[in-house]
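The values are calculated or read from the model by the stated rules, or taken from the named source; none is laboratory data. Predicted, not measured: the structure shown is a model, and the values here were computed from it. Using ideal geometry, Cβ is built from the backbone for each residue, glycine included, and neighbour counts are taken over all protein chains shown. In case anyone asks, the SASA skips ligands and DNA or RNA and just uses the protein heavy atoms, side chains included. Shrake-Rupley method; radii C 1.70, N 1.55, O 1.52, S 1.80 Å.
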Amino acid sequence: MDTQLKREDEAFRDEVRAFLEENLDVELREAGEKTSGISSAHDPLMRWHKILNEKGWVAPGWPQEFGGTGWSDMQRFIWSTECARAKAPKLYPMGLGMIGPTLTVCGTKNQQDEYLPKLLSGEHIWCQGYSEPGSGSDLASLQCAAVRDGDDYIINGSKIWTSYAQYATHIFCLVRTDKNVKPQAGISFLLIDMATPGIEVAPIITLAGDHEVNQVFFENVRVPVANLVGAENDGWTVAKTLLTFERSSAYAARLKLGLGNLEALIAASDAPALTQRFTELAIRVEAIEMTEFRVQAALAAGTPSSTGSSQLKIMGTEAQQAIDRLAMDALGPQAAIWQPELREIGANETPIGPAETQGIIADFLNNRAASIYGGSNEVQRNILAKMALGL
Ligand SMILES: Cc1cc2nc3c(=O)[nH]c(=O)nc-3n(C[C@H](O)[C@H](O)[C@H](O)COP(=O)(O)OP(=O)(O)OC[C@H]3O[C@@H](n4cnc5c(N)ncnc54)[C@H](O)[C@@H]3O)c2cc1C
């Protein structure tokens, strides 16, 4: 991939900037700026989703025939960079970023017709039901059971760490359909309506005081066999397809924004050790951006890298955590001030310390999870050891 912007890419960037300038009002920008978890606050997020859908830009990662934008890799890269710069709200990734593109590859025609348009419009909101208590990294050991009964499966068990299940209309789940084979061979992939009787969502409040994750319980939940994606007992193949979408995020644009926000605080600290760490991080972020270009270039050339997404996951999340750590150190004793009410959209209380304090603390606490979700960094390193180093 050519990393220099061509004239047509510059024109596209200008078009994107003009669109963002025109459509991101004060509330939307505030929601983007105050995002410290995976996604922004629900109401402004959904308003932004609908604005993007009207423009036809809500699903840049989908094939064009299903409602994608038809953008080149460079255009998608420009889009995510400009959204980060403009502080646009972060949309829910489980629908648009995971199950949507997976259904374009693995779904039946009926499933594509039923689910994809409602995902684009925002009528359906999806969450991801993979992890269970006791089955995270070792996902293949999952126990949530689906037993066939006529044209339905009956589901019993639970899923945990389910992000945004409290807002979701649907959940895509990995369920056990055969206990008598090797673990990966007895798993199926199901699409489940959250309004089905027998489903209960229990909140889990995070260290930062946010309600982002949940435990979802299934008790005799009937799900039509037509909601199976792929073949029965072949859910592992579908899950692996979905994970390739889950892990190919763009990190550099938001990391740059994080560093930019920190610049004034570091300058004011007058501490050479902090300035040095800041500079080292700026260099790391440049390296991440170049790695993103490299991964995109391989994709565009039709030779996708088998390790690029693992590499980026490790580099991106660890750089984020290092930026958060540096920000906390730069705040010094003021990092102990905790005024979570300031993170509400439209809050008008007076901050005790510097205005950016609450965002920094929330990012620091929430981003601890970034090296765990989406496949922990230790597991990503195992993948690199095997695939890149042949160990
Ligand atoms: C904020 C947040 C949101 C999440 N959202 C979702 C969601 O929406 N849907 C969903 O299904 N899941 C979700 N998850 C779950 C996430 O995918 C799991 O937490 C993750 O896969 C790790 O599993 P675990 O928590 O069971 O930890 P474990 O697998 O028990 O791991 C514990 C520790 O051991 C290490 N470890 C485990 N195996 C190995 C190994 N083979 N080699 C080296 N080290 C190893 C891990 O890296 C980790 O440090 C979310 C998690 C978080 C924190």
Quick one: accessible area per residue over the chain, 1.4 Å probe, rounded to a whole number of Å²?
-> 47 Å²
Over 19 Å between alpha carbons, listed pairs K109/K240; K34/K159; K90/K240; K87/K256; K313/K386; K6/K87 | K109/K240; K34/K159; K90/K240; K6/K87
Charge-dipole axis of the stretch 248-387 as Lys and Arg at +1 and Asp and Glu at -1 on Cβ define it, positive-most pick from A264, G374, L281 | G374
With charges set only on the Cβ (+1 for Lys and Arg, -1 for Asp and Glu), what does the dipole of the stretch 7-91 come to about its Cα centre, in debye to the nearest 20?
-> 280 debye
So for the chain: antiparallel DSSP bridges make up what percent, rounded to the nearest 5?
-> 85 percent
Compute the acute angle (0 to 90°) between the alpha-carbon long axis of helix 42-55 and the principal axis of greatest extent of the alpha-carbon atoms of the chain; round to the nearest 10°.
-> 80 degrees
With all protein chains present, the chain has a carbon and sulfur share of its accessible area (1.4 Å probe) in percent of 53 percent
List, in order, the whole-Hz ³J(HN,Hα) value for each residue of the stretch 71-77 obtained from phi through the Karplus relation with A = 6.51, B = -1.76, C = 1.60 and θ = phi - 60°; use x for Gly and Pro.
-> 6, 6, 4, 5, 5, 5, 5
Let me have the 222 nm mean residue ellipticity of the chain computed from DSSP H runs of 4+ only, each contributing -39500 (n - 2.57), with the sum over all residues rounded to the nearest 500.
-> -15000 deg cm²/dmol
For the stretch 311-325, just list the computed ³J(HN,Hα) in residue order, Karplus coefficients 6.51, -1.76 and 1.60, θ = phi - 60°, integers in Hz, with x standing in for Gly and Pro.
-> 4, 5, 4, 5, 4, x, 6, 6, 5, 4, 5, 5, 5, 4, 4
Counting Lys and Arg as +1 and Asp and Glu as -1, each charge on the Cβ, what is the dipole of the stretch 235-391 about the Cα centre in debye, to the nearest 20?
-> 780 debye
Round to the nearest 0.05 the FRET efficiency obtained for R76 and N180 when R0 = 41 Å and r is the Cβ-Cβ distance.
-> 0.40
Treating the beta-carbon of each Lys and Arg as +1 and of each Asp and Glu as -1, no other charges, what is the dipole magnitude of the chain about its Cα centre, to the nearest 20 debye?
-> 940 debye
What distance in nm separates the simple spin-label points at V225 and T303, each placed 7 Å from Cα in the Cβ direction?
-> 4.5 nm
Of the residues G70, P44, A59, the Cα lying farthest along the dipole of the stretch 7-91 towards its positive end, which is defined by charges on the beta carbon of Lys, Arg, Asp and Glu, belongs to P44
